[in-house]
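The values are calculated or read from the model by the stated rules, or taken from the named source; none is laboratory data. Quick caveat, the model's predicted, so the values are computed rather than measured. A quick note on method: Cβ atoms are made from the backbone with ideal geometry, for glycine too, and the neighbour counts reach across all protein chains shown. Protein only, heavy atoms only, side chains kept; ligands, DNA and RNA dropped before computing areas. Shrake-Rupley method; radii C 1.70, N 1.55, O 1.52, S 1.80 Å.
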Amino acid sequence: IYFKQEKWTAAIKMYRMALDQIPNNVQAIRFKIMRNIGHAFFKMHQFPDAIDSYENLLMHGGQHLDFMTGFNLILCYYALGDKDKMKSGFLKLLNIDQVGLEDFDEDELDMPDAAIGGATKDNTLEGDDALREDVKRRQREAARFIVNAANLIGPVMDKTPVAGYDWVIDSLNQHGFPRIGSELEIAKASFFLKRKEFDQAITVLKKFERKEPSLMACAATNLSFLYFLEAEHGSAEKYADIAVKADRYNARALVNKGNCMFMNDDFERAKEIYLEAIGVSADCLEAIYNLGLVNMHIGRMQEALLAFDKLHSITTVNCEVMWQLGDIHEKLGNDARAHEWFSLIISSPKGRPTDPGVLARLANLFNKAGDETQAFHYHLESYRYWPVDMNVITWLGIYYVKQEMYEAAIPFFARAAQIEPSEVKWKLMVASCFRRMGSYPQALKMYEDIHRSHPNDIECVRYLITICKEMKQPYDHYAAHLRKLERIQEAHGMGSEGGGGGGGGSTGSVKVFVGGLPKSAPEASVQAFFASFGMISRFDFKYDEGGQPRGFCFVEYADSGIAHQVIQNSQAGQTMFEGKWLDCKDISDGGGGGGGKGGKDKGGKSKGGDFGKSGKRQKNDDFGGFSKGGGGFSKGGKDKGKGGGGKGDDACKLFVGGLPQGVTQEALSQHFMAFGSVARVDLKYDEEGGFRGFGFVTFSDASSVDLVTANDGNNNFQGKWIDCKPSGAPPGAGGGKDSGKGGKGGKDKGKSKGGFDKGKGKGGGKDKGNSKGKGKW
């Protein structure tokens with residue numbers, strides 16, 4: 001009773017009083033009491049006293065020693081670090097001869113279960129009586145103690161862990177336990193795995209290919225996973241097939257096989273195998289998790305949500321599962337639910353309160369909701385724990401600039417320059433902060449340093465000219481260098497304004513137009529469909545004034561190869577969505593604006609993409625914004641001339657697209673005042689007075705335009721992302737010197753009208769050349 005109550009001292013006292021009253025000739029009872037005294041000392045962690053009690057049982061040849069007592073004796077030796085006693089104790093454990101276990105039959109043991117934690121699986125056969133059932137139970141219990149003892153002392157009982165495992169395996173084979181010895185071979189391979197010595201682990205496991213099926217299946221499962229980790233998917237699939245063939249109900253082997261299918265892009269087959277693994281073992285966490293991942297990959301978000309919900313009900317607090325649930329809800333547009341899951345990760349007792357990725361996701365959710373204070377707090381926390389996330393660094397730098405706290409913004413832009421030393425824009429941002437603070441000497445020194453290291457950066461030269469003018473210092477040599485760079489740009493077509501043949505487009509991200517969408521298609525489903533091809537950098541789903549889908553969208557991929565694959569699939573008729581073919585087209589060609597091209601007495605023409613993305617920094621872009629520009633269609637004049645995209649003269653002017661229908665000039669002006677002083681707001685209307693969805697904002701300082709473009713991903717107005725870019729080179733601009741210009745900013749007498757949305761421009765050149773330009777947005 002005291003022992004059950006965990007009153008160990010009182011229990012020992014009672015046991016010793018009992019020993020004093022039991023005659024010496026009643027050995028069986030005395031040994032049982034000694035065993036219980038040893039157990040009590042063991043519970044009290046008084047290992048030397050426990051060893052004394054247990055070793056008394058070794059009298060008379062150890063006939064009164066049972067497997068539990070022998071295992072506890074080894075535990076005591078292990079606690080005291082006595083390697084020689086561990087060896088002798090293990091040999092005594094193997095020599096225990098209990099009544100009923102004379103015919104120890106390893107074939108009837110469920111060894112894999114015994115090895116991994118002592119499961120007592122009931123493998124009673126029909127016709128077994130109660131005595132036979134009890135013998136089997138004791139055999140399994142004995143095997144469990146032997147396996148656990150071997151796993152415990154193997155790595156520590158000799159000079160090296162490998163030598164210790166070898167001694168244990170030899171002892172097991174000599175004492176008639178070859179199958180348990182095979183289990184220790186697998187434990188030895190697991191030891192190599194933990195030390196990342198994969199070659200030695202593979203060598204050990206390959207020995208099992210010719211052994212009995214159950215052991216071969218266990219080894220093949222481990223081999224499959226090993227090869228999968230080393231990205232040898234062919235060998236991984238081979239051993240997974242061997243394991244499944246040996247044991248069709250091996251859930252882990254099925255998961256390995258499903259993983260190989262997943263890596264071979266056979267997602268539907270992988271999904272079937274994961275479901276089969278779950279059917280075999282309903283609580284196979286790896287199968288459920290991977291099922292959720294494969295459903296996300298093929299765009300079935302609701303099924304993925306069900307899988308991770310089930311997994312969460314099993315694991316309760318698992319950060320990876322909660323992350324996936326938050327990610328799915330955010331992709332489905334359920335920002336409130338996404339916020340709950342991400343908050344749980346940092347607030348749960350077993351969560352990750354310092355995970356910078358989770359903190360950044362929460363910051364983005366607050367930013368989308370318009371709560372800039374909380375967004376700032378979580379961005380700052382994320383930066384504190386992981387100060388190399390460029391998105392977080394950029395957001396914080398822009399935030400401080402918007403608050404006109406330029407001194408606080410400088411460390412963030414300086415850190416960005418350290419992370420990306422080859423990217424000039426970060427150093428330009430630092431210099432711009434000094435200029436806005438009024439520290440002109442420091443700004444000038446920075447611009448000069450940048451110019452020395454990047455002499456061909458045209459934006460830096462422009463800023464040097466500007467700041468020299470402000471400081472009333474000579475700048476003629478910079479102006480001459482600027483003209484030289486501009487001539488080189490025009491000659492090679494490298495400028496963001498475009499060249500004669502249609503302007504240089506981005507070699508990285510590609511924007512795809514998607515038409516033919518069903519009007520009933522939800523935005524999240526469409527996004528998930530295109531995410532199945534690869535990572536999306538931006539997704540823009542279009543709605544009409546009444547909030548109904550317009551049947552098309554824009555998808556931008558960071559990897560041009562993925563975008564081209566989507567377009568090829570569309571051309572082959574393979575982009576089927578809800579039974580309907582989707583028309584996908586590349587709209588990033590000619591990203592810098594269409595140029596006109598003409599020879600003497602001939603009319604030339606050049607066609608640029610309507611939705612090009614230049615990938616080059618626009619004029620005065622000291623905050624590193626990237627602008628999109630589309631080329632129109634332009635005709636050159638009759639006389640000499642070479643067309644090039646027209647350069648905008650007004651560096652303070654910003655194009656704003658994607659505006660809601662009810663926007664007012666006052667509201668838009670109030671929004672952009674956070675970036676600098678607003679001089680004018682010009683909203684565009686059609687001939688019938690309908691708002692065309694875009695307009696222009698003119699700032700007092702060109703750096704405000706740069707600040708807005710650098711904040712591209714976070715430009716939200718009235719809960720909607722708006723497209724902001726410098727208006728220096730609007731789509732549809734064409735023509736060049738001595739030829740007519742269909743665009744703004746021509747050198748001669750050209751005039752232009754129109755802009756981004758079906759704008760039309762006409763202009764008369766000096767030499768009577770005419771040009772027309774059209775552009776759509």
Exercise. Which ones in segment 505-521 are modelled with pLDDT of 75 or more and either part of a strand (DSSP E or B) or open to solvent by 30 Å² or more (accessible area, probe 1.4 Å) (or both)?
Worked result: 510, 511, 512, 513, 514, 515, 516, 519
Exercise. What is the number of the single condition among (1) buried (at least 17 other Cβ atoms within 10 Å of the Cβ); (2) over 23 Å from the mean Cα position of the chain (by Cα) that residue 324 does not meet?
Worked result: (2)
Seminar exercise, completed: Taking segment 433-459 and keeping residues open to solvent by less than 20 Å² (accessible area, probe 1.4 Å) and modelled with pLDDT of 90 or more leaves 433, 443, 444, 447, 450
For this session: Mind listing whichever residues of segment 279-314 are open to solvent by 10 Å² or more (accessible area, probe 1.4 Å), over 18 Å from residue 251 (Cα atoms), of a type outside the set (D, E, K, R) and assigned to a helix (DSSP H, G or I)?
Result: 296, 297, 301, 302, 305, 306, 312, 313
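Here is a yes/no grid of residues against (1) in a helix (DSSP H, G or I); (2) of a type in the set (A, V, I, L, M, F, W, C); (3) closer than 27 Å to residue 155 by Cβ:
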{"site": "187", "(1), (2), (3)": "yes, yes, yes"}
{"site": "191", "(1), (2), (3)": "yes, yes, yes"}
{"site": "200", "(1), (2), (3)": "yes, no, yes"}
{"site": "218", "(1), (2), (3)": "yes, yes, yes"}
{"site": "222", "(1), (2), (3)": "yes, no, yes"}
{"site": "226", "(1), (2), (3)": "yes, yes, yes"}
{"site": "236", "(1), (2), (3)": "yes, yes, no"}
{"site": "241", "(1), (2), (3)": "yes, no, no"}
{"site": "258", "(1), (2), (3)": "yes, no, no"}
For this session: Counting only residues that are hydrophobic (A, V, I, L, M, F, W, C), under 21 Å from residue 150 (Cβ atoms) and modelled with pLDDT of 85 or more, give me the helices (runs of 4 or more DSSP H) lying completely in segment 1-84 with at least 1 of them.
Result: 27-43, 47-55, 67-80
Seminar exercise, completed: A careful count of residues in segment 165-185 that are without any contact (Cβ under 8 Å) to a residue 60 or more places away in the chain and either touching a Cys at 6+ places or on another chain (Cβ under 6 Å) or over 14 Å from residue 154 (Cα atoms) (or both) gives 2
Problem set entry | From the options 653, 640, 647, 725, residue that is charged (D, E, K, R), at pLDDT below 80, crowded, with 18+ Cβ neighbours inside 10 Å and closer than 29 Å to residue 458 by Cα | 647
Seminar exercise, completed: By residue number, the members of segment 25-53 that are over 20 Å from residue 2 (Cβ atoms), of a type in the set (Val, Ile, Thr) and open to solvent by 40 Å² or more (accessible area, probe 1.4 Å) are 26
Exercise. From the set of residues in segment 349-370 that are among the small types (Gly, Ala, Ser) and in contact with a Ser or Thr (Cβ under 9 Å, 6 or more places away or on another chain), which is farthest from residue 674 (Cα to Cα)?
Worked result: 357
Exercise. If you check 525, 570, which single one turns out to be part of a helix (DSSP H, G or I), open to solvent by less than 40 Å² (accessible area, probe 1.4 Å) and either polar (S, T, N, Q) or in contact with a helix residue (DSSP H, G or I) (Cβ under 7 Å, 6 or more places away or on another chain) (or both)?
Worked result: 570
Seminar exercise, completed: Checking 275, 254 in turn, the sole residue that is modelled with pLDDT of 85 or more, surrounded by fewer than 19 Cβ atoms within 10 Å (Cβ to Cβ), hydrophobic (A, V, I, L, M, F, W, C) and in a helix (DSSP H, G or I) turns out to be 275
Seminar exercise, completed: residue 157 fails exactly one of (1) open to solvent by less than 20 Å² (accessible area, probe 1.4 Å); (2) more than 20 Å from residue 277 (Cα to Cα); (3) in a helix (DSSP H, G or I), namely (3)
For this session: Of all residues in segment 543-553, count the ones that are open to solvent by less than 50 Å² (accessible area, probe 1.4 Å) and closer than 19 Å to residue 719 by Cα.
Result: 3
Exercise. Before we move on, is residue 345 within 26 Å of the chain's Cα centre (by Cα), closer than 30 Å to residue 467 by Cβ and crowded, with 20+ Cβ neighbours inside 10 Å?
Worked result: no
For this session: For residue 388, state whether it is of a type in the set (Val, Ile, Thr) and modelled with pLDDT of 90 or more.
Result: yes
